[in-house]
1. Among ALA47, VAL83, LEU113, whose Cα sits farthest toward the positive end of the charge dipole of the stretch 39-142 (+1 at Cβ of Lys/Arg, -1 at Cβ of Asp/Glu, about the Cα centre)?
2. Could you work out how much longer the chain between ALA100 and ALA81 gets when fully extended? Use 0.36 nm per residue separation minus the Cα distance between them, nm to one decimal.
3. Using 0.36 nm per residue, how much length does the chain from SER123 to ALA59 gain when fully extended, once their Cα-Cα distance is taken away?
Amino acid sequence: MKRALLVLAVPAMLAGLLFAQPAQPAPKAKAEEPKTEIGKSMQKMNAALRNLRSQAADAALNRQSVEAVATIRKEALAARALVPVKAADVPAAERAKFMADYNKGIDQLVALLDRIEAAFKASDNATAATLVGEIGGIQKASHKSFKK
C-alpha cells in the first residue's frame with residue numbers, strides 16, 4: 001500500500017513541478033507622486049503630447065492635433081498660475097527669480113505651441129512634426145530646473 005502511494009505520489013509531484021508557474025515577484029509600486037494641481041495639469045499635458053507626437057505627421061489628423069495643442073496650451077497656462085512644489089526649497093531671496101524663470105519656460109512653451117498650431121492649420125505637417133519634437137527639449141530642461 002505504501003509503495004502504491006509512493007508510485008502515485010512521485011509522478012504527481014514531478015508533474016506539479018513541471019507545470020507550476022515560477023513565483024513572480026510582486027510588481028514594484030510606482031513611486032506615487034503627490035497629486036498637486038500642477039501635477040494634474042502636467043499629466044494632462046503629457047497625455048495630449050503623447051497623442052500629438054504620434055499623429056503630428058498625419059495631415060488627416062490635423063483637427064485632432066490642433067485640439068491636442070489647445071489642451072497642452074490650456075494646461076500650461078493653468079500650471080503657470082500655480083507654484084511648483086520645488087519653490088518651497090528655494091531660498092526666499094532667490095524665489096522671485098525662480099518663479100520668473102518658471103514662467104519664462106511656460107511662456108516659451110506657449111509660443112512654440114502657437115507656431116505648431118499655425119503649422120497644422122496651414123497643413124504643414126513636416127514643420128509641425130519638427131516643432132513638436134522641440135517640446136521635448138523644453139520639457140526636459142524645465143523638469144530639471146523646476147520639478148522636485
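1. Projecting each Cα onto the dipole axis, the largest value belongs to VAL83.
2. Numbers: separation 19, 0.36 × 19 = 6.84 nm, distance 1.18 nm.
Length gained, ALA100 through ALA81: 5.7 nm.
3. Values: separation 64, 0.36 × 64 = 23.04 nm, distance 0.65 nm.
Net length gain for the segment: 22.4 nm.
Throughout, read-outs are computed from the coordinates displayed, never taken from laboratory work. None of these values were measured; they are calculated from a predicted model. We place every Cβ from the backbone using ideal geometry, glycine too, and count neighbours over all the protein chains shown.
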